[in-house]
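The values are calculated or read from the model by the stated rules, or taken from the named source; none is laboratory data. For clarity, every value in this text was computed on a predicted model and none was experimentally measured. Heads up, the Cβs are rebuilt from the backbone with ideal geometry, glycines too, and the neighbour counts pull from every protein chain shown. These accessible areas exclude ligands, DNA and RNA; they are computed on the full protein's heavy atoms, side chains included. Shrake-Rupley method; radii C 1.70, N 1.55, O 1.52, S 1.80 Å.
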Amino acid sequence: MTAASVRMGRFLTYRVAGWGTLLIALGILPWFGISPNLTRLLFTSLVWIITSVAWNLLGGFAGQVSFGFAVFYGLGAYTAAMRISAGIPPLAAFAIAGLVAAIASVLIGLPTFRLRGPYFAIATIGVSEAMRVLMTNLSFTGGASGYRIAEPGPFRPLEHYYTALGFAAMAVVISALIHHSKFGLSLQAVREDQEAAADIGVNPLKAKLIVHLLAATLTGIAGGVYARYAAYIHPQGVFGFHTSVAILLMPIIGGAGTVAGPVIGGFVYGLVQEELVAAFPQFHLLLYGALLIVIILFEPQGVVGWLGKLRSFIERIWRKSAAASVG
């Protein structure tokens, strides 16, 4: 076994230990009697993390910038809402929501993935807006008035919290497995150069369709989890263009193309969105705009890139101090 493989093994071990510690911490946090408001904030952040990780599979790993993820989020929300109201258990409703979103991803992906660059992004905006208008005019979903979930039993915040935590953990595991797999390398090849990827045996359209399906499934599940918690949804919310922008914004803030970046971005967005919007209705837009400008100009890898530079700086200082003490 080479020294490089040993270092890689240690790195992966530390990474798994770090994720495991974070999951345990979030799992036991409610046992310490946190306030209902903090539970709500954490739940919202976890739902956003699922969508952020999902978008990163397509936009970060494969380089396909989509503004249409509100379609899958909204379809998942409405599907789960209607199935739960029909008496189907929530977990089964979430699975159906993910399936509906996956089917929609194939129907959308087959024509749009033949476009590239800004043309693909514009096409996804058109699909998202068309779906919003359609859902606004469908009577059986409540139309513009929205849809209210009729679920028997009392409202249990911790049940919703642990549901979101479980699906967020699943999304991160899927992201990590893809990132370190042969399929992940295929997506990176597609991101860098589709023609070159095709020359080495990668089918760009197939790779994009598969990762789009996975991303849509996770986003649909997230929409279903949110709908059950909110108990009321409407097209202007779950299908709104601002929802698509939010889903795209989070991984860019945290660090697109990484595993940890979308998680960081989801936490940042969830906390800022919930806390600042109520107190300062327009300030969050200024904050997001400033963050995007700073990230694009100085650190394309977002918060993860800054943390990496900080770690390198600390390591250099430590090495210099260690060398000076030895000398």
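For region 250-266, which positions are open to solvent by 20 Å² or more (accessible area, probe 1.4 Å) and either outside any helix (DSSP H, G or I) or not β-branched (Val, Ile, Thr) (or both)? Give the derivation first.
Initially, region 250-266 is screened for residues open to solvent by 20 Å² or more (accessible area, probe 1.4 Å), giving 252, 256, 258, 260, 264.
If the condition is that a residue be open to solvent by 20 Å² or more (accessible area, probe 1.4 Å) and either outside any helix (DSSP H, G or I) or not β-branched (Val, Ile, Thr) (or both), then ALA256, THR258, ALA260 are the ones that fit.
Being open to solvent by 10 Å² or more (accessible area, probe 1.4 Å) and touching a strand residue (DSSP E or B) at 6+ places or on another chain (Cβ under 6 Å) is true for just one of TYR162, TYR232, TYR226, TYR269. Which residue is that? Steps first, please.
Numbers: TYR162 fails: touching a strand residue (DSSP E or B) at 6+ places or on another chain (Cβ under 6 Å); TYR226 fails: touching a strand residue (DSSP E or B) at 6+ places or on another chain (Cβ under 6 Å); TYR269 fails: touching a strand residue (DSSP E or B) at 6+ places or on another chain (Cβ under 6 Å).
Answer to the selection: TYR232.
Restricted to region 28-50, and to residues that are part of a helix (DSSP H, G or I) and either free of Cβ contacts under 8 Å to residues at least 40 places away in the same chain or touching a Ser or Thr at 6+ places or on another chain (Cβ under 7 Å) (or both), which residue is most open to solvent (accessible area, probe 1.4 Å)?
From region 28-50, those part of a helix (DSSP H, G or I) are 28-32, 36-50; that's our starting set.
From what's left, either free of Cβ contacts under 8 Å to residues at least 40 places away in the same chain or touching a Ser or Thr at 6+ places or on another chain (Cβ under 7 Å) (or both): 28-32, 37-38.
Numbers: ILE28: 57, LEU29: 55, PRO30: 17, TRP31: 193, PHE32: 154, ASN37: 72, LEU38: 65 Å².
Per the criteria, the residue is TRP31.
Would you call TYR119 farther than 27 Å from ARG15 by Cα, in a helix (DSSP H, G or I), open to solvent by 40 Å² or more (accessible area, probe 1.4 Å) and not hydrophobic (A, V, I, L, M, F, W, C)?
On the way: farther than 27 Å from ARG15 by Cα: yes; in a helix (DSSP H, G or I): yes; open to solvent by 40 Å² or more (accessible area, probe 1.4 Å): yes; not hydrophobic (A, V, I, L, M, F, W, C): yes.
Criteria met by TYR119.
Can you name every residue in region 149-180 that is farther than 17 Å from SER45 by Cα, within 25 Å of the chain's Cα centre (by Cα) and not aliphatic (A, V, I, L, M)?
Narrowing region 149-180 to residues farther than 17 Å from SER45 by Cα: 149-156, 173-180.
Still in the list and also within 25 Å of the chain's Cα centre (by Cα): 149, 156, 173-180.
Correct list: ARG156, SER175, HIS179, HIS180.
What is the one condition in (1) hydrophobic (A, V, I, L, M, F, W, C); (2) out of contact with any Lys or Arg (no Cβ under 7 Å at 6 or more places or on another chain); (3) not in a loop (DSSP other than H, G, I, E, B) that ALA93 does not satisfy?
Status for ALA93: all satisfied but (2).
Residue check: is ILE247 touching a strand residue (DSSP E or B) at 6+ places or on another chain (Cβ under 6 Å), of a type in the set (A, V, I, L, M, F, W, C) and crowded, with 22+ Cβ neighbours inside 10 Å? Reasoning before the result, please.
Working: touching a strand residue (DSSP E or B) at 6+ places or on another chain (Cβ under 6 Å): no; of a type in the set (A, V, I, L, M, F, W, C): yes; crowded, with 22+ Cβ neighbours inside 10 Å: yes.
So ILE247 does not fit the description; no.
Do we have TRP55 as modelled with pLDDT under 85, within 24 Å of ILE178 (Cβ to Cβ) and surrounded by 15 or more Cβ atoms within 10 Å (Cβ to Cβ) here?
Numbers: modelled with pLDDT under 85: no; within 24 Å of ILE178 (Cβ to Cβ): yes; surrounded by 15 or more Cβ atoms within 10 Å (Cβ to Cβ): yes.
So TRP55 does not fit the description; no.
Being hydrophobic (A, V, I, L, M, F, W, C) and open to solvent by 60 Å² or more (accessible area, probe 1.4 Å) is the filter here, so list the residues in region 131-147 that pass it. Steps first, answer last, please.
First, pick out the residues of region 131-147 that are hydrophobic (A, V, I, L, M, F, W, C): 131, 133-135, 138, 140, 144.
If the condition is that a residue be hydrophobic (A, V, I, L, M, F, W, C) and open to solvent by 60 Å² or more (accessible area, probe 1.4 Å), then VAL133, LEU134, PHE140, ALA144 are the ones that fit.
I need every pair where a residue in region 285-310 that is assigned to a helix (DSSP H, G or I) and at pLDDT 70 or above has its Cβ under 6 Å from the Cβ of a residue that is surrounded by 14 or more Cβ atoms within 10 Å (Cβ to Cβ) and charged (D, E, K, R), sequence separation at least 6 or different chains.
From region 285-310, the pairs are GLY305/GLU299; TRP306/GLU299.
Would you mind finding the one in PHE167, PHE155, PHE241 that is at pLDDT 95 or above and surrounded by fewer than 24 Cβ atoms within 10 Å (Cβ to Cβ)?
Numbers: PHE155 fails: at pLDDT 95 or above; PHE241 fails: at pLDDT 95 or above.
Residue meeting the stated conditions: PHE167.
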